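The structure appears below as structure tokens.
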Amino acid sequence: MGLLINEVGKGTIGMLIKGMPTRLMITGCFILLILPIFYTYNISVWIIEPIVLCILLMYMSIVDIKEHRISNKSLIVMAIICLADMLIFYDLVPMSERVVFFLVLSFIMVPLKLKLPINIMGSGDFKLICISALLLGIGSVTAYLIGSIMAGIGAAILLIFHNADKKSRIPIGPYIALGIWYVYLDLHSCLLLHNFL
């Protein structure tokens, strides 16, 4: 039974990853580039961006779980989402805060990645944290802390139930993506509630 579930899971994840062609990512980028036009004409863009961001974070998480990497293409799409958010929702997080925290995290994370003697996190995880600063500002630090705590709890559970040993590679990207999603929804909740009521 366990072997059957494992094979079905591999097939499903494989189909999800192979089924998302580059054209879909390009379409998502195009939608995000025209979001300011929708915003100008009072078309409800507040729902499009969270959906595209959620799909992208799920895609990055699935790829990280399967291949232990976060591709630069998906990080570029994430950066485009962040830039669109800077233009549309500039009043939620000031643009100066976003840029300052992006630069600060970049100058902290890149040397930290190069100096660490052990490979705790991949370079895609570091890039994801830095790019999330363009979306969340100081909230990116909160997202990283939430993701780290969840990753620690997940690793402890795997060690307790003997599904992993101390040398196992545990993908951190899905946990960071959950932290980013949580902080993003927290920042945008007032806007979402306002539009639903």
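Only one of the numbered conditions (1) in a helix (DSSP H, G or I); (2) closer than 23 Å to residue 72 by Cβ is violated by residue 171, and that is (1).
Scanning segment 55-72 for residues that are surrounded by 15 or more Cβ atoms within 10 Å (Cβ to Cβ), in a helix (DSSP H, G or I) and among the charged types (D, E, K, R) returns a single hit, 64.
Cβ-Cβ distances below 6 Å connect the following pairs, each with a first residue in segment 143-171 that is within 30 Å of residue 102 (Cβ to Cβ) and at pLDDT below 85, a second residue that is crowded, with 16+ Cβ neighbours inside 10 Å and small (Gly, Ala, Ser), and a separation of six or more residues or different chains: 170/155.
Being polar (S, T, N, Q) and farther than 13 Å from residue 184 by Cβ is the filter here; which residues of segment 134-148 pass it? Reasoning before the result, please.
Initial filter on segment 134-148 (polar (S, T, N, Q)): 140, 142, 148.
Of everything in segment 134-148, just one residue is polar (S, T, N, Q) and farther than 13 Å from residue 184 by Cβ, namely 148.
Collect the residues in segment 40-54 that are more than 15 Å from residue 179 (Cβ to Cβ), part of a helix (DSSP H, G or I) and either at pLDDT 85 or above or touching a Phe, Trp or Tyr at 6+ places or on another chain (Cβ under 9 Å) (or both), keeping them in residue-number order. Talk me through it step by step, then tell me what you get.
If we filter segment 40-54 for residues that are more than 15 Å from residue 179 (Cβ to Cβ), which is where we start, we get 40-52.
Checking which are part of a helix (DSSP H, G or I) leaves us with 40, 48-52.
Within segment 40-54, 48, 49, 50 meet the criteria.
Just one of the numbered conditions (1) at pLDDT below 85; (2) surrounded by 14 or more Cβ atoms within 10 Å (Cβ to Cβ) is not true of residue 100: (1). The single condition among (1) outside any helix (DSSP H, G or I); (2) surrounded by 11 or more Cβ atoms within 10 Å (Cβ to Cβ) that residue 106 does not satisfy is (1).
Among what's in segment 111-160 and is among the β-branched types (Val, Ile, Thr) and either touching a strand residue (DSSP E or B) at 6+ places or on another chain (Cβ under 7 Å) or in a loop (DSSP other than H, G, I, E, B) (or both), pick the residue that is surrounded by the fewest Cβ atoms within 10 Å (Cβ to Cβ).
Pass one, segment 111-160, residues among the β-branched types (Val, Ile, Thr): 118, 120, 129, 131, 138, 141-142, 146, 149, 153, 157, 160.
Restricting the remaining residues to those that are either touching a strand residue (DSSP E or B) at 6+ places or on another chain (Cβ under 7 Å) or in a loop (DSSP other than H, G, I, E, B) (or both) gives 118, 120, 138.
Numbers: 118: 4, 120: 11, 138: 15.
Within segment 111-160, the match that is surrounded by the fewest Cβ atoms within 10 Å (Cβ to Cβ) is 118.
The values are calculated or read from the model by the stated rules, or taken from the named source; none is laboratory data. None of the values given here were measured: they were computed from a predicted structure. Virtual Cβ from ideal backbone geometry, glycine too; neighbours counted across all protein chains shown.
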